[in-house]
Amino acid sequence: GPLVDFLANVAREKSAWILAGSIIEKAGTKIYNTSLLINRAGKIVATYRKMHLFEAFLEKGLHIRESDAYEAGNRPVTANLEGWKAGLSICYDLRFPELFRRYSALGCNLLFIPSNFSLRTGRDHWQVLVRARAIENQCFVVAPNQCGTNEAIGVDTYGHSMIVGPWGEVLAEARDREGVIEARLDPNLLKKSRARIPALR
């Protein structure tokens, strides 16, 4: 659709990889919460459909149940990104460590977790869970998280996008407003972390 065409054009113009996630995908009569990985040539190299659909009772008596609108995906998805093997996930997947252990077993060293954590759950759980997934799997984690207020339902989101290293160290963190963060992902950090504690062996 036009959103993906736009992002593919940006990827080509900037010669940059883009993680487009998550977006609403219509496939026949089904609707999915989907994340796409687009390469420098503007080609989609991976399509991940969210496997764990969110359900929670939030502040103000709000009950959110994604299964009312979306179908669940049914498989993990990996992609090769210029020497890195990446595992894709979306938001609520973060609470299911077995998905990330599967990615680790498949040889991933980079995990993507685009998210929309609410202000309340974000304050209490966001950094803890993102760092835990990095530490458990000795991987780098790139976890963009939305900020601002969803005016349709009145829920505030947490922001604080993060890039975390395989030792659990926070390499970069945004605040609660729009911004840009960056970090260098050093393969030597990966080797050192995995040699220091050889849990994956």
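The values are calculated or read from the model by the stated rules, or taken from the named source; none is laboratory data. Everything quoted here is computed from the prediction, not taken from an experiment. Heads up, the Cβs are rebuilt from the backbone with ideal geometry, glycines too, and the neighbour counts pull from every protein chain shown. Heads up: the accessible areas ignore ligands, DNA and RNA and are worked out on the full protein's heavy atoms, side chains in. Shrake-Rupley method; radii C 1.70, N 1.55, O 1.52, S 1.80 Å.
Below, the figures for the structure above:
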{"item": "Phi-based couplings in Hz for region 41-54 (Karplus 6.51, -1.76, 1.60; Gly and Pro marked x)", "result": "8, x, 9, 6, 9, 8, 10, 10, 9, 3, 8, 9, 7, 5"}
{"item": "Net dipole in debye of region 25-156 [+1 Lys, Arg Cβ; -1 Asp, Glu Cβ; about Cα centre; nearest 20]", "result": "380 debye"}
{"item": "Separation of the Val170 and Arg123 label points, Cα + 7 Å toward Cβ, nm", "result": "1.6 nm"}
{"item": "Gaussian network model of the chain, Cα within-10 Å springs - most flexible of Ala143, Ala46, Ala134", "result": "Ala46"}
{"item": "Label-to-label distance, nm, for residues given as Leu106 and Leu62 (7 Å Cα→Cβ offset)", "result": "3.2 nm"}
{"item": "Per residue value of the accessible surface for the chain (all protein chains in place, 1.4 Å probe), Å²", "result": "55 Å²"}
{"item": "P(r), alpha carbons of region 45-107 - 5 Å bins starting at zero, rounded %", "result": "4, 16, 23, 22, 15, 10, 7, 4, 1, 0"}
{"item": "Residue of Ala72, Ala86, Ala105 that the Gaussian network model of the chain assigns the largest fluctuation, springs spanning Cα pairs under 10 Å", "result": "Ala105"}
{"item": "Solvent-accessible ranking of Val128, Val45, largest area first, probe 1.4 Å", "result": "Val128, Val45"}
{"item": "Calculated FRET value between Lys192 and Trp84, using beta carbons and R₀ = 25 Å, to 0.05", "result": "0.90"}
{"item": "Mean separation of Cα contacts under 8 Å (6+ apart) over length of region 1-98, as relative contact order %", "result": "22 percent"}
{"item": "Cβ crowding within 10 Å averaged over residues, with 92-98, 111-117 ranked highest first", "result": "111-117, 92-98"}
{"item": "Structure-derived mean projected area of the Cα convex hull in nm² - corresponding label in [x] 11.5; [y] 13.5; [z] 10.8", "result": "[x]"}
{"item": "The chain - percent of accessible surface contributed by carbon and sulfur, probe 1.4 Å", "result": "50 percent"}
{"item": "Lysine pairs meeting the criterion (Cα under 15 Å, 8 or more apart or interchain), as found in the chain", "result": "4"}
{"item": "Positive dipole terminus of the chain, leading residue within Gln138, Ala72, Pro2 (C-beta point charges)", "result": "Gln138"}
{"item": "Residues in region 32-76 reached by a label modelled at Val180 [backbone nitrogen below 17 Å; 7 Å Cα→Cβ]", "result": "none"}
{"item": "Relative contact order of region 50-179, defined on C-alpha pairs under 8 angstrom at six or more residues apart (%)", "result": "17 percent"}
{"item": "In sequence order, calculated HN-Hα J values of region 136-145 (Karplus, 6.51, -1.76, 1.60; Hz; x Gly/Pro)", "result": "4, 10, 6, 10, 6, 10, 10, 10, x, 9"}
{"item": "Unit charges on C-beta of K, R, D, E only; dipole of region 30-108, Debye", "result": "280 debye"}
{"item": "Under Karplus coefficients 6.51, -1.76 and 1.60, residue-wise ³J(HN,Hα) of region 91-105 in Hz, glycine/proline x", "result": "6, 4, 3, 3, 7, 10, x, 5, 5, 6, 5, 4, 4, 4, 5"}
